[in-house]
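The values are calculated or read from the model by the stated rules, or taken from the named source; none is laboratory data. Note that this is a predicted model, so its numbers are computed, not measured. Positions of Cβ are backbone-derived with ideal geometry, glycine not excepted, and every protein chain shown enters the neighbour counts. These accessible areas exclude ligands, DNA and RNA; they are computed on the full protein's heavy atoms, side chains included. Shrake-Rupley method; radii C 1.70, N 1.55, O 1.52, S 1.80 Å.
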Amino acid sequence: MGAAAEIAVTGTTGGLGGRVTRRLAQRGIAQRLVVRDPARAPDLDHTSVAVGAYSDGKAMRRAFDGVRTVFLVSGEEARDRLDQHRTAVDAAAAAGVERVIYTSFLGASPEATFTLARDHFHTETHLRAAGLRTVALRNSMYADLMPYFASDGVIRGPAGEGRFAPVVRDDIADVAVAVLLDEQYDGATFDVTGPELVTLHDVAALLSETTGQEVRYQAETLDEAYASRASYGAPEWEVTGWVTSYAAIAAGEMEVVSDTVETVAGHRPVSVRDFLQRLHTDGEST
Ligand SMILES: NC(=O)c1ccc[n+]([C@@H]2O[C@H](COP(=O)([O-])OP(=O)(O)OC[C@H]3O[C@@H](n4cnc5c(N)ncnc54)[C@H](OP(=O)(O)O)[C@@H]3O)[C@@H](O)[C@H]2O)c1
């Protein structure tokens, strides 16, 4: 397992955890990377690798052994994701972990319109019940996803004229590192958002402007949204998750602009416009 590390980071093979682990490595901070596939673990200085999936309590317990602080990236969408999270949290508590920084979602609540945001609320609750000092980063929708919203030049979804403030994963990672390294934030819940509210009409206009290819937003009713996704063959819970992520925007549950990036990470968050312009100039974001 390698050198002792006080900080374990999960999800390092992914977009957000990868950003966090690279930032910690740049600062020379020792970390344990908890991954499902060791062959894909980032190759960084001052890191050791432990293998575990959230559903495997024994492996997670071993992976967290001797660790004080965990950056816990929420798992991929799954019907039993909440159970997987609870298993990982219980393993952390059993291993003697003291602090967990968890990647939650804006508006996490048992009644959230976005059904998958309910998992996040219950995971936050479970972390605190397990006696772990918790920081919940309730992230808005990733700005990084905006280019993928359009299909054949059309963004379709039941988001009405609702507004939201997409946030880039780089800014979330900056917040995460600040929180990981400063215990004054323990116990806090942060909404992590971009700097400005946009509608999906705005996102379509920005995509058109930055790519030079016409994109438009077509608001769907809920029935139309379920019907337009019926042919994907995805399970019902997943389709409901997709549809309700837009419905949460329509319901106003995403209409939040926070100052978290500025106050915790110490810089202005990147706007969707700036993100898309940079993406167009510099190429793909990972
Ligand atoms: N705010 C938003 O707009 C938004 C959008 C999409 C997702 N999310 C949530 O935010 C999380 C992080 O975002 P991201 O961009 O970093 O996602 P990502 O690029 O898909 O990375 C997810 C990471 O979590 C790991 N992981 C997933 N399920 C796991 C499990 N059951 N046990 C152990 N490790 C697991 C993955 O490992 P592998 O490489 O082995 O798969 C990967 O390293 C996502 O997993 C999802 O829960 C938020």
Reported set for segment 100-112 where residues are among the hydroxyl-bearing types (S, T, Y) and either touching a Pro at 6+ places or on another chain (Cβ under 8 Å) or within 15 Å of the ligand (Cβ to nearest atom) (or both) is Y102, T103, S104
Any hit, segment 152-174, residues being closer than 30 Å to V67 by Cα, of a type in the set (D, E) and in a loop (DSSP other than H, G, I, E, B)
no
Does S109 count as open to solvent by 10 Å² or more (accessible area, probe 1.4 Å) and among the polar types (S, T, N, Q)?
yes
Taking the stated definitions as given, is Y226 at pLDDT 95 or above, over 22 Å from the mean Cα position of the chain (by Cα) and over 30 Å from L24 (Cβ atoms)?
yes
Could you tell me whether T103 is of a type in the set (S, T, N, Q) and surrounded by fewer than 21 Cβ atoms within 10 Å (Cβ to Cβ)?
no
Residues satisfying the stated conditions in segment 124-162, i.e. buried (at least 19 other Cβ atoms within 10 Å of the Cβ) and among the basic types (K, R):
R138, R156
Going through segment 53-88 one residue at a time, which ones are open to solvent by 30 Å² or more (accessible area, probe 1.4 Å) and among the charged types (D, E, K, R)?
D56, K58, R61, R62, D65, R68, E76, E77, R79, D80, D83, R86
Check V20 against each of (1) out of contact with any strand residue (DSSP E or B) (no Cβ under 6 Å at 6 or more places or on another chain); (2) under 17 Å from L180 (Cβ atoms) and name the one condition it does not meet.
(1)
Scanning segment 1-18 for residues that are modelled with pLDDT under 95 and open to solvent by 10 Å² or more (accessible area, probe 1.4 Å) gives M1, G2, A3, A4, E6
Hits in segment 88-99 (condition: within 14 Å of the ligand (Cβ to nearest atom) and out of contact with any helix residue (DSSP H, G or I) (no Cβ under 9 Å at 6 or more places or on another chain))
none
Within segment 139-151, which residues are outside any helix (DSSP H, G or I) and of a type outside the set (A, V, I, L, M, F, W, C)?
N139, S140, Y142, S151
Quick one: which of V192, V179, V175, V154 is within 11 Å of the ligand (Cβ to nearest atom) and in contact with a strand residue (DSSP E or B) (Cβ under 6 Å, 6 or more places away or on another chain)?
V192
Inter-residue pairs, beta-carbon under 6 Å, first under 15 Å from R138 (Cβ atoms) and in segment 251-270, second of a type in the set (S, T, N, Q), 6+ apart
E253/T113; V256/T193; V257/T193; S258/T193
Positions within segment 113-128 being within 11 Å of the ligand (Cβ to nearest atom) and farther than 14 Å from S245 by Cα, in sequence order:
T123
